[in-house]
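**Q** I have a structure I would like to understand better, so I am pasting it below and will then ask my questions one at a time.
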There are 2 protein chains.
Amino acid sequence: MTGMLLDLNADVVALTEAVVDIESVSRNEKALADAIESALSGIEHVEVTRIGNSLVARTDLGRDERVVIAGHIDTVPLNRNLPVRNDGSKLHGLGTCDMKGGVAVALRLAHSVPEPDRDVTFVFYDCEEIDDIYNGLGRIASERPDLIEADFAILMEPSDAVVEAGCQGTLRIEVIVRGQRAHSARSWRGINAIHGAGEVLRRLQEYDARRPVIDGLEYHEGLNAVAIHGGVAGNVIPDECVVEVNYRFAPDRSQAEAEEFVREFFAGFDLAVTDSAPGALPGLDVPAAKAFVEAVGGEVNPKFGWTDVSRFTALGVPAVNFGPGDPMFAHKQDEHVPVEHIERCELQLRDWLEAEL
Amino acid sequence: MTGMLLDLNADVVALTEAVVDIESVSRNEKALADAIESALSGIEHVEVTRIGNSLVARTDLGRDERVVIAGHIDTVPLNRNLPVRNDGSKLHGLGTCDMKGGVAVALRLAHSVPEPDRDVTFVFYDCEEIDDIYNGLGRIASERPDLIEADFAILMEPSDAVVEAGCQGTLRIEVIVRGQRAHSARSWRGINAIHGAGEVLRRLQEYDARRPVIDGLEYHEGLNAVAIHGGVAGNVIPDECVVEVNYRFAPDRSQAEAEEFVREFFAGFDLAVTDSAPGALPGLDVPAAKAFVEAVGGEVNPKFGWTDVSRFTALGVPAVNFGPGDPMFAHKQDEHVPVEHIERCELQLRDWLEAEL
């Protein structure tokens, strides 16, 4: 224990400020995990389990339904944006948006709703912002899957405080264009691989994005070069050029289908898949999801980015994103969250958890 | 002095082997320069001047005409290709082709032609293979231009032992394509600079090379991407892509005209010129050049690559390339020079220098 304490009796804005000011860049979450563990251990109506720097707190009231409310406690690296600054309407600083506002809301709910009308599993996990192998939610899923079994999950990623359902998958490939080296003074004796990459870029420029409608939500795919490199020396015709492409695909396509599409799209070129993660269907047809959407006002948007919603889906738990903050400000130096978002999220989730009381 | 000696009484092949085995990667030419200085100092009919690791040896017979015979003594870096290996018909090893065969020929001539029918200035210079500011010939031209005044110059760069006249100029530019960053999950909110570079590559692919005929020689221009780079992160639409282009231009174009052509060619894009060196016209109309070409058999090819011939031209000295070795093997791991080339070059130059005796 480091001695840093979180007061769960404070209002959600003050609590967010306190959580933000306990720095927790990925792989350095111990101080915040200690503070959360200490705070949770004072709550009688939940059972707390710690796995590494992740914490699970569960009610066990024998309700018909169990829901997960989850948030990661780590942030991307510091960028001269701590400590937190409250300008009255917004909190500014590292993690305010992604996603300590959501973490504070979940902590407040764990503390102040002793008898929810559905059993709740609160999950606070580490290492979401870095390589998949470190992901705390992944570790729980692999070591103690029983802890996160549920009928429905809410991931408190920033979503402008409205429900964002599903998530798009992502595929990364290298398109490799080959040529033949020659001295640039006698370029006609070689084959310029960079010039050959022009055809790859031409196809990318002509790409027409699919926008499938799934469960009433319009997704929007993207196929983009995210890097290109080639070149041997200033006087050499290059024999290789590599275009790194990122395909963001709607959740009606599997990873295999996404790869098949890309291979056809770049027919004639060598491809290497370097990374792949599945999308997640909105899953709004399950009763728990329907009830939640209704409770928070009925508005639902599609989620374009990839989130751990997909991890819940893979575990058979329908999940949505719902949290304070505009996701466009995540990972930015000027990251911030509207105070009104945090307060509204707490209120709506509390109303939902106490609806039948 | 390091104690390494060169025996100028040896035949030109043995002398080449000895020169090759004194390692002299650019900026490390002292041992070879010492050995050459020592060898030249034993020749009574030349006056020797040392400037850094470059040497100039001049006859002073009061002839009507003065010619320069020049070669650089440095090599590109080692590539597991020393010591020299003689397979009977070829010498293999670093510097055999570029250009210690030529250096050995010049040393033999300095030693064994005491009364040439034209005054001769032999130049052995350092740092040709690296950045222009280190070039030994450039240093002589700036510190002691009087030492290399002449009517005609022969640069013993590898040219398959036939005369290669003039040289093409070279221009390097960066074509900068700009866009606008966005998260790749919402790519339509950004402008992909790499996709934008497709137009640059399209123009390069459609480029139709000029092949002007100058003094009866057909040059062949080239416009090539030699490097490309762009990309911020695997999930970011990149806001910049830079294509590095090398334009090799025939010597009927000035540097300014070359730049003007390239600016027009890439109209609409930001350009930055990073390097430029002029070409050199063949200059075969001066009597000394005509006589030389005739003496070595009359065959003349255009020089596509850039060489220090251009430096002589800028000093007002018409110059050609003429040296043993196929330039395609310069800078290669399997660099080599035909023994027959070395012997023929020595013989033809000796005949030319003694023609009127």
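**Q** Note down all Cβ pairs under 7 Å where the first residue falls in segment A:305-334 and is within 12 Å of another protein chain (Cβ to nearest Cβ), the second is among the polar types (S, T, N, Q) and not in a loop (DSSP other than H, G, I, E, B), and they're at least six residues apart or on different chains.
**A** A:306/A:170; A:307/A:321
**Q** Right, another one. Tell me which residues, restricted to segment A:94-111, are surrounded by fewer than 24 Cβ atoms within 10 Å (Cβ to Cβ) and within 22 Å of residue A:338 (Cα to Cα).
**A** Those that are surrounded by fewer than 24 Cβ atoms within 10 Å (Cβ to Cβ) and within 22 Å of residue A:338 (Cα to Cα): A:108, A:109.
**Q** Just wondering, is there one or more residues in segment B:240-253 that are free of Cβ contacts under 8 Å to residues at least 60 places away in the same chain, assigned to a strand (DSSP E or B) and either at the interface with chain A (Cβ under 9 Å from one of its Cβ atoms) or surrounded by 20 or more Cβ atoms within 10 Å (Cβ to Cβ) (or both)?
**A** No, segment B:240-253 has no match at all.
**Q** For residue A:217, only one of the following conditions fails: (1) open to solvent by less than 20 Å² (accessible area, probe 1.4 Å); (2) under 37 Å from the mean Cα position of the chain (by Cα); (3) facing chain B (nearest Cβ under 10 Å). What is its number?
**A** (3)
**Q** Something else about it: Return yes or no: is residue B:9 open to solvent by 60 Å² or more (accessible area, probe 1.4 Å) and within 20 Å of the chain's Cα centre (by Cα)?
**A** No: the conditions fail for residue B:9.
So that you can scan it fast, the table gives a plain yes or no per residue for (1) farther than 25 Å from residue A:326 by Cα; (2) more than 7 Å from chain A (Cβ to nearest Cβ); (3) open to solvent by less than 30 Å² (accessible area, probe 1.4 Å); (4) touching a Ser or Thr at 6+ places or on another chain (Cβ under 7 Å):
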| site | (1), (2), (3), (4) |
| --- | --- |
| B:174 | yes, yes, no, yes |
| B:180 | no, yes, no, no |
| B:184 | no, no, yes, no |
| B:189 | no, yes, no, no |
| B:194 | yes, no, yes, no |
| B:200 | yes, yes, yes, no |
| B:204 | yes, no, yes, no |
| B:211 | yes, yes, no, no |
| B:222 | yes, no, yes, yes |
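**Q** State all residues of segment A:112-121 that are closer than 17 Å to residue A:8 by Cβ, assigned to a loop (DSSP other than H, G, I, E, B) and open to solvent by 10 Å² or more (accessible area, probe 1.4 Å); if no residue qualifies, say none.
**A** Selection gives A:114, A:115.
**Q** Sticking with this one: Which of (1) within 22 Å of residue A:13 (Cβ to Cβ); (2) more than 14 Å from chain B (Cβ to nearest Cβ); (3) open to solvent by less than 60 Å² (accessible area, probe 1.4 Å); (4) part of a helix (DSSP H, G or I) does residue A:344 not meet, given it meets every other one?
**A** It is condition (3) that residue A:344 fails.
**Q** Considering each residue of segment B:21-41, count those that are within 20 Å of residue B:84 (Cα to Cα) and small (Gly, Ala, Ser), and give that number.
**A** Here the count works out to 5.
**Q** Got a sec? Which of B:155, B:137 is farther than 18 Å from residue B:353 by Cβ and touching a helix residue (DSSP H, G or I) at 6+ places or on another chain (Cβ under 7 Å)?
**A** B:137
**Q** What are the pairs with Cβ atoms under 7 angstrom where one residue, in segment B:278-292, is farther than 30 Å from residue B:247 by Cβ and the other, located anywhere, is assigned to a helix (DSSP H, G or I)? Sequence gap at least six, or different chains.
**A** Going by the 7 Å Cβ cut-off, the qualifying pairs are B:292/B:352.
**Q** If you don't mind, there's one more thing I want to ask. List, please: which pairs have Cβ atoms under 7 Å, are six or more places apart or on different chains, and start with a residue in segment B:1-25 that is within 16 Å of residue B:324 (Cα to Cα) and end with one that is of a type in the set (Gly, Ala, Ser) and at pLDDT 95 or above?
**A** Qualifying pairs under 7 Å: B:12/B:104; B:15/B:104; B:16/B:101; B:16/B:104; B:19/B:104; B:20/B:93; B:20/B:95.
**Q** May I ask you to verify whether residue A:230 is open to solvent by 10 Å² or more (accessible area, probe 1.4 Å), in a strand (DSSP E or B) and farther than 22 Å from residue B:183 by Cβ?
**A** Spelling it out, residue A:230 is indeed open to solvent by 10 Å² or more (accessible area, probe 1.4 Å), in a strand (DSSP E or B) and farther than 22 Å from residue B:183 by Cβ.
**Q** Within segment B:101-116, which residues are small (Gly, Ala, Ser), within 26 Å of residue B:330 (Cβ to Cβ) and touching a residue at least 60 places away in the same chain (Cβ under 8 Å)?
**A** Hits for segment B:101-116 are B:101, B:102, B:104, B:110.
**Q** Does residue A:283 qualify as being at positive phi, surrounded by fewer than 19 Cβ atoms within 10 Å (Cβ to Cβ), more than 14 Å from every other protein chain (Cβ to nearest Cβ) and not in a strand (DSSP E or B)?
**A** no
**Q** Given the criterion in contact with a Phe, Trp or Tyr (Cβ under 8 Å, 6 or more places away or on another chain) and either within 19 Å of residue A:322 (Cα to Cα) or outside any loop (DSSP other than H, G, I, E, B) (or both), identify the matching residue among A:57, A:104.
**A** Just a single option satisfies the conditions, and that option is A:57.
**Q** Take residue B:267 and tell me if it is open to solvent by less than 60 Å² (accessible area, probe 1.4 Å) and without any contact (Cβ under 8 Å) to a residue 12 or more places away in the chain.
**A** yes
**Q** Next question, about the same structure. Residue A:275 - would you say it is over 23 Å from residue B:226 (Cα atoms), within 14 Å of chain B (Cβ to nearest Cβ), open to solvent by 60 Å² or more (accessible area, probe 1.4 Å) and touching a strand residue (DSSP E or B) at 6+ places or on another chain (Cβ under 6 Å)?
**A** It is true that residue A:275 is over 23 Å from residue B:226 (Cα atoms), within 14 Å of chain B (Cβ to nearest Cβ), open to solvent by 60 Å² or more (accessible area, probe 1.4 Å) and touching a strand residue (DSSP E or B) at 6+ places or on another chain (Cβ under 6 Å).
**Q** Quick check: anything in segment A:33-53 open to solvent by 60 Å² or more (accessible area, probe 1.4 Å), in a strand (DSSP E or B) and not hydrophobic (A, V, I, L, M, F, W, C)?
**A** Checking segment A:33-53: at least one residue is open to solvent by 60 Å² or more (accessible area, probe 1.4 Å), in a strand (DSSP E or B) and not hydrophobic (A, V, I, L, M, F, W, C).
**Q** How about segment A:122-201: which strands (runs of 3 or more DSSP E) wholly inside it have at least 2 residues that are in contact with a Phe, Trp or Tyr (Cβ under 9 Å, 6 or more places away or on another chain) and over 21 Å from residue A:303 (Cα atoms)?
**A** It comes to A:169-178.
**Q** Being open to solvent by 10 Å² or more (accessible area, probe 1.4 Å), touching an Asp or Glu at 6+ places or on another chain (Cβ under 8 Å) and outside any strand (DSSP E or B) is the filter here, so list the residues in segment B:60-75 that pass it.
**A** B:60, B:61, B:62, B:63, B:65
Residues are listed down the side, and each one gets a yes or a no for (1) at pLDDT 95 or above; (2) acidic (Asp, Glu); (3) not in a helix (DSSP H, G or I):
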| position | (1), (2), (3) |
| --- | --- |
| A:262 | yes, no, no |
| A:288 | no, no, no |
| A:291 | no, no, no |
| A:294 | no, yes, no |
| A:305 | no, no, yes |
| A:328 | no, no, no |
| A:332 | no, no, yes |
| A:350 | yes, no, no |
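**Q** Quick one: which of A:129, A:143 is open to solvent by 30 Å² or more (accessible area, probe 1.4 Å) and touching a Ser or Thr at 6+ places or on another chain (Cβ under 7 Å)?
**A** Exactly one residue qualifies, and that residue is A:129.
The values are calculated or read from the model by the stated rules, or taken from the named source; none is laboratory data. Note that this is a predicted model, so its numbers are computed, not measured. We place every Cβ from the backbone using ideal geometry, glycine too, and count neighbours over all the protein chains shown. When the accessible area is computed, the model is the full protein with side chains, heavy atoms only, and any ligands, DNA or RNA have been set aside. Shrake-Rupley method; radii C 1.70, N 1.55, O 1.52, S 1.80 Å.
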